[in-house]
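What follows is one structure encoded as structure tokens, with my remarks underneath.
The values are calculated or read from the model by the stated rules, or taken from the named source; none is laboratory data. This is a predicted model, so every value here is computed, not measured. So basically every Cβ, Gly included, is an ideal-geometry build from the backbone, and we count neighbours across all protein chains shown.
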Amino acid sequence: MRAVAAGDPDSVRTLMDEHLPSVYGFVLARVGGNEDIAEDIMQETLIEGVRSADSFRGEAALNTWLCTIARRRIARHWERERKQTAVANQPAPRPYEPHVVIDIRDEVLRALGNLAPLHRQVLVLKYLDEYSVEQIAAEVGRPRVQIQSLLQRARDAMRRQLEPNRG
């Protein structure tokens with residue numbers, strides 16, 4: 001990481017080749033399978049990682065450190081998305097395209113991508129990141145009781161997205 005911090009192009013390439021594919025998978029799963037958003041977040045993560053390389057102390061694995069940077073970028077993305085949705089006063093879900101769904105994983109990612117941003121965020125934090133309700137409340141800045149209600153509504157919305165005969 002010292003060489004990355006010094007701007008060595010070969011070290012940056014090595015960082016990208018060895019660590020970014022797993023971080024990309026981490027990000028892609030948390031943005032509902034939206035590759036465009038995942039790529040934007042990865043670019044931001046890489047830029048921040050290179051800028052902050054001199055602060056990497058090696059106390060955690062490099063992938064863990066990069067995923068922490070990515071998680072902050074994802075949280076910023078969700079916040080921007082929630083604000084945009086609030087301004088539009090209406091969520092804009094992506095259309096369901098059954099011919100694109102190849103397997104159950106793709107279907108779940110697509111359904112997750114169709115949820116309202118806050119619903120997507122609480123489900124990802126709960127089931128992918130394994131956060132407790134209290135941790136989610138702290139992350140989202142809402143009371144615990146409201147998070148429990150949001151989780152229930154998000155699960156219901158996800159269930160509706162996954163129903164085979166939804167219209």
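Is it true that some residue in region 156-167 is crowded, with 20+ Cβ neighbours inside 10 Å and in contact (Cβ under 8 Å) with a residue 60 or more places away in the chain?
The answer is no; no qualifying residue exists.
On the given criteria, is Glu44 more than 26 Å from Ala6 (Cα to Cα), under 17 Å from the mean Cα position of the chain (by Cα) and in a helix (DSSP H, G or I)? Write out each step before concluding.
Numbers: more than 26 Å from Ala6 (Cα to Cα): no; under 17 Å from the mean Cα position of the chain (by Cα): yes; in a helix (DSSP H, G or I): yes.
Answer is no for this residue.
Tell me whether region 79-89 contains one or more residues that are modelled with pLDDT of 85 or more and over 15 Å from Leu162 (Cα atoms).
We begin by selecting, within region 79-89, every residue modelled with pLDDT of 85 or more; these are 79-80.
Checking the rest, the ones that are also over 15 Å from Leu162 (Cα atoms) come to 79-80.
Scanning region 79-89 turns up at least one residue that is modelled with pLDDT of 85 or more and over 15 Å from Leu162 (Cα atoms).
If we scan region 2-22, do we find a residue that is in contact (Cβ under 8 Å) with a residue 60 or more places away in the chain, surrounded by 11 or more Cβ atoms within 10 Å (Cβ to Cβ) and in a helix (DSSP H, G or I)?
So far as region 2-22 goes, no, none of its residues is in contact (Cβ under 8 Å) with a residue 60 or more places away in the chain, surrounded by 11 or more Cβ atoms within 10 Å (Cβ to Cβ) and in a helix (DSSP H, G or I).
Which of the residues spanning region 98-145 are modelled with pLDDT of 90 or more, more than 20 Å from Val27 (Cβ to Cβ) and not in a loop (DSSP other than H, G, I, E, B)?
Selection gives Val133, Glu134, Ala137, Ala138, Arg144, Val145.
With the requirement that a residue be touching a helix residue (DSSP H, G or I) at 6+ places or on another chain (Cβ under 9 Å) and of a type in the set (Ser, Thr, Tyr), what does region 107-138 give you? Full working, then the answer.
From region 107-138, those touching a helix residue (DSSP H, G or I) at 6+ places or on another chain (Cβ under 9 Å) are 107-126, 128-129, 131-137; that's our starting set.
If the condition is that a residue be touching a helix residue (DSSP H, G or I) at 6+ places or on another chain (Cβ under 9 Å) and of a type in the set (Ser, Thr, Tyr), then Tyr131, Ser132 are the ones that fit.
Can you find, within region 53-74, the residue that is nearest to Ala116 (Cα to Cα) among those that are small (Gly, Ala, Ser) and surrounded by 15 or more Cβ atoms within 10 Å (Cβ to Cβ)?
Once the filter is applied, the top-ranked residue is Ala70.
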